[in-house]
Amino acid sequence: APKGMRCPTCGLAALASSTQQDVLKALAKQSILSKLRLPDRPNITQPVPRGALLTALHRLHAQHTDTTEPSRIPQDGGTPHPRPRVGLQEYEILSFAESGSSTSRSVLLHFRFTRDLSGSTEILQATLYLFWAVPGLGTHPVTVRLLQPGPTGLNATVTSETQLQVPRSGWTTLDVGAAVQQLFGQGSQKLTVELEVPEARGSPLLDDSSDSRWPFVAAQARARAAHRVRRR
Amino acid sequence: GVDCSGDSRMCCRREFFVDFKDIGWEDWIIHPEGYHMNYCTGFCPRHMAAAPGLAASFHSAVLNIIKATNAEAAADSCCVPTQRRPLSLLYYDRDSNIVKTDIPDMIVDACGCT
């Protein structure tokens, strides 16, 4: 501290114990919110069921132990290359599906990503997890389309389409890194996934009552490095 | 770093834990249950004005003597964090996504005089 100035914590010692506690709690709150880039604490209106959360964390952990080093998604959507180790703040994000309109042949799932990170964060990896409920024997063809809303929020465009042959019930993963990165790059937050079966066989997913098998997207993100100018 | 004990008035680290239930944040922070914030407090006499790791250095010892004897030229020293570690959080964001992140430099592990 400059000569004659007080140190930042000097004032704290002069406060009464209860006031000291209040000041420190306020400081802790402010510190956490600012580091998470949140203007205030989020209001949770629809908490994710505990079963869905535990399943998602379990699957995410299993994926981490399978892959020693996560890969980085290149801008051109080409082959992933190893992620450089830098001291930037990193995030793992789980976005659970909100059900949209559905017919006997198709289901729409909406994934809403955090507006706090959009634009300032680089997506390193994103995986869609779907739990299939496949009745009977034999493989079942399913078309998975990734849709992004237009600038007005309407007129969604198909950004990718994948044909899957589902052999049995269970979890399937799909790389959606490029789509989510594109979404963040455009400052958008909503990814829509359409699942379509060829005939009217009913939904290929389990119904909403099976909480622990709720579809989700797991993304790894990193704060963008600030542009630095150095003078020597 | 020295942890505060009794009524010591010298620079030390005081433990401070914020329980997320106490501040009504347990609904959006899933893990951990609280934040071991800790903070630095206490006096820093001029002869202690150096990072703890430098205290053994001959040059820093000489500098400290100069500072202590030349009070007019020296700046005041403060008790500040010298070692910190990240806080891992699992929380719901404003869109009900679940986010896990490590916030760097949030937990004070050691204190020393500047």
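The values are calculated or read from the model by the stated rules, or taken from the named source; none is laboratory data. Computed from a prediction, not measured in an experiment: that's the story for all the values here. Glycine gets a Cβ as well: all are built from the backbone with ideal geometry, and neighbour counts include every protein chain shown.
Name the residue that is nearest to the other protein chains (Cβ to nearest Cβ), counting only residues in the range A:21-46 that are of a type outside the set (Gly, Ala, Ser), under 23 Å from the mean Cα position of the chain (by Cα) and loosely packed, with under 14 Cβ neighbours inside 10 Å. Once the filter is applied, the top-ranked residue is A:46. Every test in (1) more than 8 Å from chain A (Cβ to nearest Cβ); (2) surrounded by fewer than 17 Cβ atoms within 10 Å (Cβ to Cβ); (3) at pLDDT 60 or above is passed by residue B:48 save one, and that test is (2).
If you scan the range B:82-105, which residues turn out to be closer than 21 Å to residue B:24 by Cα and facing another protein chain (nearest Cβ under 7 Å)? It would help to see each step written out before you state the result.
First, the residues of the range B:82-105 that are closer than 21 Å to residue B:24 by Cα: B:87-101, B:103.
Passing the criteria: B:92, B:93, B:94, B:95, B:96, B:97, B:98, B:99, B:100, B:101, B:103.
For every residue, the table says whether it meets (1) among the basic types (Lys, Arg); (2) farther than 23 Å from residue A:190 by Cα; (3) outside any helix (DSSP H, G or I); (4) at pLDDT 75 or above.
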position	(1), (2), (3), (4)
A:29	yes, yes, no, yes
A:60	no, no, no, yes
A:63	no, yes, no, no
A:79	no, yes, yes, no
A:87	no, yes, yes, no
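Of the residues making up the range B:1-27, those that are touching a helix residue (DSSP H, G or I) at 6+ places or on another chain (Cβ under 8 Å) and more than 11 Å from chain A (Cβ to nearest Cβ) are B:1, B:10.
A quick yes/no check of all residues on (1) loosely packed, with under 13 Cβ neighbours inside 10 Å; (2) of a type outside the set (Phe, Trp, Tyr); (3) at pLDDT 75 or above:
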| position | (1), (2), (3) |
| --- | --- |
| A:178 | no, yes, yes |
| A:181 | no, yes, yes |
| A:190 | no, yes, yes |
| A:193 | no, yes, yes |
| A:199 | yes, yes, no |
| A:208 | yes, yes, no |
| A:211 | no, yes, no |
| A:222 | no, yes, yes |
| A:225 | yes, yes, no |
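Of the residues making up the range B:13-28, those that are within 16 Å of residue B:106 (Cα to Cα) and of a type in the set (A, V, I, L, M, F, W, C) are B:16, B:17, B:18, B:20. Being exposed (fewer than 11 other Cβ atoms within 10 Å of the Cβ), on the phi > 0 side of the Ramachandran plot, at pLDDT below 90 and within 10 Å of another protein chain (Cβ to nearest Cβ) is a property that residue A:4 has.
For the range B:86-114, give me each residue that is part of a strand (DSSP E or B), over 10 Å from the mean Cα position of the chain (by Cα) and not hydroxyl-bearing (Ser, Thr, Tyr).
Quick first cut of the range B:86-114, residues part of a strand (DSSP E or B) only: B:86-92, B:98-113.
Then drop every residue that is not over 10 Å from the mean Cα position of the chain (by Cα), which leaves B:86-92, B:98-104, B:113.
Those that are part of a strand (DSSP E or B), over 10 Å from the mean Cα position of the chain (by Cα) and not hydroxyl-bearing (Ser, Thr, Tyr): B:86, B:87, B:89, B:90, B:98, B:99, B:100, B:102, B:103, B:104, B:113.
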